[in-house]
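Chemist: Take this structure, written in structure tokens, and hold onto it; I'll ask about it next.
The values are calculated or read from the model by the stated rules, or taken from the named source; none is laboratory data. Since the model is a prediction, treat every value here as computed from it, not as a measurement. Cβ atoms come from the backbone with ideal geometry, glycine included; neighbour counts cover every protein chain shown. All accessible areas refer to the heavy atoms of the entire protein, side chains included, with ligands and DNA or RNA removed. Shrake-Rupley method; radii C 1.70, N 1.55, O 1.52, S 1.80 Å.
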Amino acid sequence: WIRIIPVATVMYAVAFINRTNVSLALPAMSRDLHMNALQAGSIVGIFFWGYLLLQIPGGYLASHWSTKRFVAILLIVWGCCAAGCGLARNWHELWVLRLLLGVAEGGMYPATLILLSHWFPTKERARASAWFSIALPLSLVVSSPLSGWLLDRWNWRVMLIAEGALPLLWLTV
């Protein structure tokens, strides 16, 4: 419990931070990248299309390959794409990076559930999944003030790069 649940929970909280931080930055991003409302909406929405792409294949790959390696690869891709969003020069680049971010994060949830199924007996899996799921509200408690502070102190680019570095830092821990 102490070895797996905190690691999985923090990892998924970081995923949720990278998934939602663009909504706080969208007004400034729209202005800086000269996006209209349709383009801004597609930037937010394309993440979820990418997320759907790796949901089922992600579970399959995690169960038939090394789950730890699969998660590590996803953390690297996800961190690079999330930080790369802060370096985007136009809305097209941002759109592609958000799509790839969705693909990378899409495999994380099923892979983590596979990992939990390997570590916990059947009787404890529901409780383990519930503790893992606490990451969603936990991430909102942490990310909103952090993102707001980064936006207030610097700008949306610094916020996306700093929060995009979190999965890469978490991988080293």
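Chemist: Which residue, of MET29, MET11, MET35, is open to solvent by less than 10 Å² (accessible area, probe 1.4 Å) and either out of contact with any strand residue (DSSP E or B) (no Cβ under 9 Å at 6 or more places or on another chain) or basic (Lys, Arg) (or both)? Full working, then the answer.
Modeler: On the way: MET11 fails: open to solvent by less than 10 Å² (accessible area, probe 1.4 Å); MET35 fails: open to solvent by less than 10 Å² (accessible area, probe 1.4 Å).
Result of the check over MET29, MET11, MET35: MET29.
Chemist: While we're here: Can you name the number of the only condition in (1) closer than 23 Å to GLY84 by Cβ; (2) crowded, with 21+ Cβ neighbours inside 10 Å that PHE132 fails?
Modeler: For PHE132, the exception is condition (1).
Chemist: With respect to GLU124, is the statement that it is surrounded by 19 or more Cβ atoms within 10 Å (Cβ to Cβ) and within 25 Å of ARG3 (Cβ to Cβ) true? Working first, answer last.
Modeler: On the way: surrounded by 19 or more Cβ atoms within 10 Å (Cβ to Cβ): no; within 25 Å of ARG3 (Cβ to Cβ): yes.
No; evaluated as a whole, the condition is false for this residue.
Chemist: Residue check: is GLY41 buried (at least 17 other Cβ atoms within 10 Å of the Cβ), among the small types (Gly, Ala, Ser) and assigned to a helix (DSSP H, G or I)?
Modeler: no
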